[in-house]
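*Asks:* Encoded as C-alpha cells, here's the structure I'll be asking about.
The values are calculated or read from the model by the stated rules, or taken from the named source; none is laboratory data. Computed from a prediction, not measured in an experiment: that's the story for all the values here. All Cβ positions, glycine included, derive from the backbone under ideal geometry; neighbour counts span all protein chains shown. Surface areas here come from the heavy atoms of the whole protein model, side chains and all, with no ligands, DNA or RNA. Shrake-Rupley method; radii C 1.70, N 1.55, O 1.52, S 1.80 Å.
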Amino acid sequence: MLRSLRFQLPALFLLGVVVAGLVSAAIALRLFRSYAQNRARAQAYHEVAKEAFGLTTVYSQRAGLRILPAKTAEQATGDRIFYAGLPLFPGEKAGFGEIPRSLLPDPRRMPKRLRRFEFKPPGSDQTLLAAGRPLKIGRQTFGTIVVAKPKTELNQRWPALIERLLLAFAAGVGVAAGFAWYLSRRITSPVLALSRAADEIAGGHYDIDVPKVPGGGEIGQLAGRFREMAARLAQAEQLERNFLMSVSHELRTPLTAIRGHVEALREGVVTDDEMRTASLTVIAAEAERLERLVGDVLDLAKLGAHRFTLLREEVEMERLVERAYVAFSEEARRRGIDYRQTVAAKPVIVSDGDRVLQIISNLLSNAFRWTPDGGTIEVELSATDGTVYVTVDDSGPGIPPVERERIFRPFWSRDGGGTGLGLAIARELAVALGGRIRLETSSESGSRFELVLPSQPK
C-alpha cells in the first residue's frame, strides 16, 4: 500500500502542506511575537504612566493628608507603586515600595514628561516595567512616584495564541487531507482504469473501452494516446487476420493447380505431348507465382527490420521502364486497355536497378488491377534537376481520402483481395532508395502514382 500512487500522492501533498504550514507558522509567530511584545510594552507603559500621572495629581492636591494609603492605591490600580523622596505623611511611612535612587535622576531635574524604564526591585528577580513622575506640592518637588507592573504579564497571552494557532493548523491539515484525497482519486482512478485496460490488451482483448478523463491534462492526453494505441492494435490484428486469409488463399490457388496437373501427369491421364507441355507450363507459372508471393513477404519483413541490402550501380531508366512496360503489354491487349508509354528524358541514375524495377512493376500491377477493361494506363519517364520521375496514370475509380494513407499499409486491401503488399513494398523500397511515392487521385480522372528518385544516392 505504501508504494501505491493513491497513498504517495496525498502523503506527499500533506507533507508539503505540513512543512509549509510549520515554516509559515514559525515565521508568523516570530513576527507576531515581536509586534505583540512591542505593542504590549507600549500599552503597559501607557497604563502605568497614566496611573503615575493620576497618583501624583492626587497626592499633590491633598498633601499631608493620608487620603489614599499605599496598599489601597495598589489594589485600586492593580500595579505596584514605589516612591523615592521626602516623606509624604509627617511622622508616618508612606508604605510604598522602595526603589533605588540610582535608577532615578534628581526629581527636581526630571523633565515634565514621564520617564519609562525597567528595573528589578531590591531582593527580587522579577523585572518590572515602570513609569516615574515627579511629585510636586506647590513649587517644591518632594520626590518621584513610580508605578510598575511585572514584565511576565506580556507573555501570559502566548499559550492562548499558540492554542488557537494549533487548532487552525489542525483544521488546515484536515482540509488539505480531504483535498489531497480528492485529487489523488481524480488522478489515480483514470490511471488504474488505464492499467486494467493495459491488462486486457496484454491478454489480446483490443476491443476495450478506454475511459475518458474529464478536464483533459496529461492524464487525459495519456488516455487519448492509449485509446489510439488500442485502436491501432485492433486494426493490426484485423490486418493480420486478413493477411493470413489472403495468403492462405493465394497459396492454396497455385498449389491446387500444381497438384492437379502433377496428379494428371503421374497417373497418365495426360498422354499427348502438347497437353503435357501445357501442364508443365502451368506448373512453372504457378510455382513462379508462389515464389513471388513468398518473396514479397520476405522483402517486407527485411524492410521492417532494416536488414535490406541495396546495390549501387548505374541504371538506364529508359531500358528499365521499357522492361516494366513490356511485362504488362499482353494483359493490356487481352483486356482492351489503352496502354501508353512516354519517355521525355533518358536519365542514368546510381541505384539498385532490380528494386527500382520492382517498384515500377508494383505500381503497374496496382493500376491494372483497378483499371476496368477498355480503360487507359500511361507510363511516363521524365527528369529535372537531378531528380527522376516515373509516373503511372490509370483511369480507375480513384481512391477516397480516408483510404489514401491506408493503401500503403501492409496487408491492407481495399476490396479484401490480394495480399495488400504491393504498394507497401513499393513505398518502403522508394524510401530506402532515397526517394518517395506521391499520389494524386480523384473519382473522375483516376489515380496518378509518381515515383521520385534522386540521380545520385544521398
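*Asks:* Output the residue which, of all residues in the range 63-93 that are modelled with pLDDT under 70 and open to solvent by less than 30 Å² (accessible area, probe 1.4 Å), is nearest to Ile137 (Cα to Cα).
*Replies:* If we take residues in the range 63-93 being modelled with pLDDT under 70 and open to solvent by less than 30 Å² (accessible area, probe 1.4 Å), then Leu88 is nearest to Ile137 (Cα to Cα).
*Asks:* Scan the range 387-444 residue by residue and report those that are small (Gly, Ala, Ser), out of contact with any Lys or Arg (no Cβ under 8 Å at 6 or more places or on another chain) and open to solvent by less than 50 Å² (accessible area, probe 1.4 Å).
*Replies:* Passing the criteria: Ser395, Gly396, Gly398, Ser413, Gly417, Gly422, Ala426, Gly435, Ser442.
*Asks:* I've got another one for you. Which is out of contact with any Leu (no Cβ under 9 Å at 6 or more places or on another chain), farther than 30 Å from Phe411 by Cβ and either exposed (fewer than 11 other Cβ atoms within 10 Å of the Cβ) or modelled with pLDDT under 80 (or both), of Thr271, Thr253, Thr281, Thr309?
*Replies:* Exactly one residue qualifies, and that residue is Thr271.
*Asks:* Scanning for something closer than 19 Å to Pro347 by Cβ and at pLDDT 80 or above, does the range 415-429 turn up at least one residue?
*Replies:* Looking through the range 415-429, at least one residue is closer than 19 Å to Pro347 by Cβ and at pLDDT 80 or above.
*Asks:* Also, I was wondering about something else. Please indicate, with yes or no, whether at least one residue in the range 367-374 is closer than 30 Å to Pro397 by Cα and touching a strand residue (DSSP E or B) at 6+ places or on another chain (Cβ under 6 Å).
*Replies:* Yes; the residues of the range 367-374 include at least one that is closer than 30 Å to Pro397 by Cα and touching a strand residue (DSSP E or B) at 6+ places or on another chain (Cβ under 6 Å).
*Asks:* Right, something else. If we scan the range 143-164, do we find a residue that is within 26 Å of Gln75 (Cα to Cα), modelled with pLDDT under 75 and part of a strand (DSSP E or B)?
*Replies:* no
*Asks:* Another question about this same structure. Exactly one of (1) of a type in the set (D, E, K, R); (2) closer than 23 Å to Gln238 by Cα; (3) in a strand (DSSP E or B) is unmet by Arg414. Its number?
*Replies:* (3)
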